[in-house]
Structure formats: structure tokens, C-alpha cells
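Asker: For reference, the structure I am asking about is given below.
The values are calculated or read from the model by the stated rules, or taken from the named source; none is laboratory data. Being a predicted model, the structure only gives us computed values, none of them experimental. Cβ: placed from backbone, ideal geometry, glycine included. Neighbour counts: every protein chain shown. In case anyone asks, the SASA skips ligands and DNA or RNA and just uses the protein heavy atoms, side chains included. Shrake-Rupley method; radii C 1.70, N 1.55, O 1.52, S 1.80 Å.
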Amino acid sequence: MVAFPANDGCDVEDLLTEAAQRFTANLASYAIPVFIRICNEVEKTGTYKLKKTDLQKNGFDLAKVNNDPIYFFNSAEKKYVELTAELQRQIDSGEYTRI
């Protein structure tokens, strides 16, 4: 998973399209991030380091991410699509196996 804050005025769709194109062109299939979380705000420590443990605990659980959108890499279409509650349920239950 990759998590980062989006800048104001950033076109998320263009960002995701560009990321998918670059990842598929330059990384092995197993190295492409499956999930991208675009954070409204990233918590930091007193010394401005990212609180990565909070991001790890939240994972890709839509109930824990404070309405941050999470995108899932659809390897068949080679693009990122928004993670829905139904898709998350299928992944968690093992019904969706194309990861």
C-alpha cells in the first residue's frame, strides 16, 4: 500500500492513471502497490516523521480510514479503481482472488 496526501488542485484520476502506467512499465507485477490511499491529512510525530504504524493498523479497511479514498490496482485492466465496501468484503472473505 502507498499512502500520501494529495495537494490542493491535484487531479486524482490523472495521478492514478500516470501511476498505473509508470508502475506497470517499470516494476515487476509483484512489486506494484495493490492499494493507494490518498490521505486528507497524514499524522506526524513531534519531529515531523510520519506515524506509519497508524497507517499500517488501518490498512485498507474503509471503516478505519476517516473517509480517505482507497484505490485498488485491477491487474486485468492495469488501472486503479476505487475500493468499494463490496470489493473489500470480497477480498476479506477470499472471494476475490485476482490480487
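Asker: Provide, for q = 0.20, 0.24 Å⁻¹, the log10 of I(q)/I(0) from a solvent-free Debye sum over equal Cα point scatterers in the chain.
Answerer: For the chain at q = 0.20, 0.24 Å⁻¹, log10 I(q)/I(0) is -1.11, -1.40.
Asker: Compactness ratio of the stretch 1-51: Cα Rg over 2.2 N^0.38 Å, N = residue count? List each step's numbers first, then the result.
Answerer: On the way: Rg = 13.1 Å, N = 51, 2.2 N^0.38 = 9.8 Å.
After normalising by residue count via 2.2 N^0.38 Å, the value is 1.34.
Asker: Nearest-5 percent of antiparallel DSSP beta bridges in the chain?
Answerer: Values: 8 of 12 bridges.
Antiparallel bridges: around 65 percent, rounded to the nearest 5.
Asker: Let me ask something additional. How much length is gained on full extension from LYS49 to ARG22, taking 0.36 nm per residue of separation minus their Cα-Cα distance?
Answerer: On the way: separation 27, 0.36 × 27 = 9.72 nm, distance 2.70 nm.
Extending this stretch completely gives an extra 7.0 nm.
Asker: Just flag the chymotrypsin sites (Phe, Trp or Tyr not before Pro) in the stretch 19-99 sitting in loop per DSSP whose Cβ has no more than 10 other Cβ atoms within 10 Å. Let's see the in-between values first.
Answerer: Details: sites: PHE23, TYR30, PHE35, TYR48, PHE60, TYR71, PHE72, PHE73, TYR80, TYR96; in loops: TYR48, PHE60, TYR96.
Within the stretch 19-99, the qualifying chymotrypsin sites (Phe, Trp or Tyr not before Pro) (loop, at most 10 other Cβ atoms within 10 Å) are TYR48.
Asker: Could you state the accessible area per residue of the chain in Å², with a 1.4 Å probe and every protein chain left in place? Write out the running numbers ahead of the final one.
Answerer: Details: 6930 Å² over 99 residues.
Value for the chain: 70 Å² per residue.
Asker: GluC sites (Glu not before Pro), restricted to the stretch 1-91: which are DSSP loop and have at most 13 other Cβ atoms within 10 Å?
Answerer: Working: sites: GLU13, GLU18, GLU41, GLU43, GLU77, GLU82, GLU86; in loops: GLU41, GLU43, GLU77.
Qualifying residues, ordered by number: GLU41, GLU43, GLU77.
Asker: Using only alpha carbon pairs under 8 Å that are at least six residues apart, calculate the relative contact order of the stretch 1-88 and give it in whole percent. If you can, show how the numbers build up before the last one.
Answerer: Numbers: 94 pairs, mean separation 28.6, N = 88.
About 33 percent, as a whole number.
Asker: If you don't mind, there's one more thing I want to ask. To check my understanding: the extent here is largest minus smallest coordinate of the Cα atoms along each principal axis. What are those three numbers for the stretch 33-90, in Å, largest first?
Answerer: 42, 22, 17
Asker: While we're on this one: At a 1.4 Å probe, what is the % contribution of carbon and sulfur to the accessible area of the chain?
Answerer: Working: 3350 of 6930 Å².
Of the solvent-accessible surface of the chain, carbon and sulfur hold 48 percent.
Asker: Right, another one. On the full set of protein chains, 1.4 Å probe, figure out the accessible area of VAL42 and give it in Å² to the nearest 10.
Answerer: Roughly 30 Å² of VAL42 is accessible to a 1.4 Å probe.
Asker: Counting trypsin sites (Lys or Arg not before Pro) as exposed when in a DSSP loop with at most 15 other beta carbons within 10 Å, what is the longest stretch of the chain free of them? Don't skip to the end; give the middle numbers.
Answerer: On the way: sites that count: LYS49, LYS51, LYS64, LYS78, ARG98.
The segment 1-48 is the longest one with no such site.
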